[in-house]
């Protein structure tokens, strides 16, 4: 996946004519953008960000302002939060004002001695995506990038069913992690393990997000893994307990989070619908070996 | 703010009122936290009030390797901000609101706030069981136990320091309350919307996550994103 992405970056750089505007001032020539900002304004990378948002966040109603403008506008900036010693990670933001979306991104580069793990991303990855009220004018500190809507649209349309799925060792690790989470959930809920092979559907991987959704069919449960560690790094799956959340379709889905006083334990129907579409309709079916779950559920700690 | 009193006792059910001036030692203590003794990486038992608070603080904030991880300082700030939210929900209800609207139900102390709402509560996985004891679901303990386990590998590092910070913060809160230092207390206007100040909710920073109703997102310019969480204040009603 890394090589394909790197090739795409090089090839696309040759074909896309850069149209970058720095701050409020339009530049007539290509400005000397280097380093982190060069990566954040790179068209191939922004296209991957757009593809991810298109799959997971953008709705039909979001498209109208872009169609009218005939261009997709990106506001990009580098962030420099105070980091721990020896942490060389880089951070940034990408806003798509026409879609009212703001994303934070990170290029991780640090070590975790306690886990004996090196965390080094192969590209900037999305860490947060939020709906925002976009201001009319670009805020200070951002750089504007524009891409022709028709080109991006055609590419997204052509590749809408194209998906990269884990295979080989990575699939093996992911399969084991999903199986462990299911077994843990069954034990925690004092249930008997279901008999026979379990079926889960995995969503496609994105080169700009370290997250995976899986739908466990007979358990009617969505499982979400997210990490700072790249998914093809074995360390991610050795420590999968760190960021895994389960959402039972029968218990954890609401129309609006207002129904549940903003609890973090729920998904909206819209979010769940999107995850189900990406897992079931364009995802990959994976079978898990029958579960062996401890007869004794875990004791409640007091 | 001047009328803020502490409402907490060691048992979690007693109430105690202390004048604000007695909170000063807490501030001093918090400032000294980074320089205090050796790191242990242990949390007090979750069946105790400080243990339960510490469990929540650790559960709700990112550690190295997790997606929202930025730095030790950011996670510590996130823990403190969460504690502020919980404390604000006890007896700093803005005019025009009831406690039940903000905290799901009537709450006398921080344990009530954490366990409020049962299944629909703000603090997913934290509840009172049939006996009335405050407990957390196994998934919470699994993650926190794992972090504690990690903290014991090699010489004490960030994991141990973060666990210690949560434990010390929870113990200090139980002993002396949150005080008047509130990062969000002074916010009066967000993008033209008059707000009450203080934070009353937090959510994991993710797309479309919004508590809805009168909650107003605190922007990054006001440090509204800390420790992997987005904090929300309230629209001013009166």
Which of the helices (runs of 4 or more DSSP H) contained wholly in the stretch A:27-95 include at least 1 residues that are at pLDDT below 90 and surrounded by 12 or more Cβ atoms within 10 Å (Cβ to Cβ)? A:60-69
Can you name the residue in the stretch A:144-161 that is closer than 22 Å to residue A:105 by Cβ and within 21 Å of the chain's Cα centre (by Cα) and, of all such residues, is surrounded by the fewest Cβ atoms within 10 Å (Cβ to Cβ)? A:159
Output the residue which, of all residues in the stretch B:104-139 that are at the interface with chain A (Cβ under 9 Å from one of its Cβ atoms) and assigned to a helix (DSSP H, G or I), is surrounded by the fewest Cβ atoms within 10 Å (Cβ to Cβ). B:119
Candidate set: the stretch A:249-275, residues that are under 20 Å from residue A:160 (Cβ atoms) and crowded, with 19+ Cβ neighbours inside 10 Å; chosen: the one farthest from the other protein chains (Cβ to nearest Cβ): A:275
Against the conditions (1) surrounded by 15 or more Cβ atoms within 10 Å (Cβ to Cβ); (2) more than 9 Å from every other protein chain (Cβ to nearest Cβ); (3) more than 19 Å from residue A:44 (Cα to Cα), where does residue A:141 fall short? Just the number, please. (1)
Could you grab me the full set of residues in the stretch A:96-115 that are free of Cβ contacts under 8 Å to residues at least 60 places away in the same chain and either surrounded by fewer than 18 Cβ atoms within 10 Å (Cβ to Cβ) or more than 10 Å from chain B (Cβ to nearest Cβ) (or both)? A:96, A:97, A:98, A:99, A:100, A:109, A:111, A:113
Where residue A:237 falls short, out of the listed (1) within 14 Å of another protein chain (Cβ to nearest Cβ); (2) assigned to a strand (DSSP E or B): (2)
Can you name every residue in the stretch B:60-87 that is in contact with a helix residue (DSSP H, G or I) (Cβ under 7 Å, 6 or more places away or on another chain) and over 15 Å from residue B:110 (Cβ atoms)? B:61, B:62, B:63, B:64, B:65, B:66, B:67, B:72, B:75, B:76
Among the candidates A:253, A:223, A:229, which residue alone is more than 19 Å from residue A:130 (Cα to Cα), in contact with a strand residue (DSSP E or B) (Cβ under 8 Å, 6 or more places away or on another chain) and without any contact (Cβ under 8 Å) to a residue 40 or more places away in the chain? A:253
I'd like the full set of residues that are touching a strand residue (DSSP E or B) at 6+ places or on another chain (Cβ under 9 Å) and part of a helix (DSSP H, G or I), limited to the stretch A:185-202. A:185
Of the criteria (1) within 30 Å of residue B:162 (Cβ to Cβ); (2) more than 11 Å from chain B (Cβ to nearest Cβ); (3) over 17 Å from the mean Cα position of the chain (by Cα), which one residue A:193 fails: (1)
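The values are calculated or read from the model by the stated rules, or taken from the named source; none is laboratory data. In this text the structure is predicted, and so the values were computed from the model without any measurement. Note: ideal-geometry Cβ built from the backbone for every residue, glycine included; neighbour counts use all protein chains shown.
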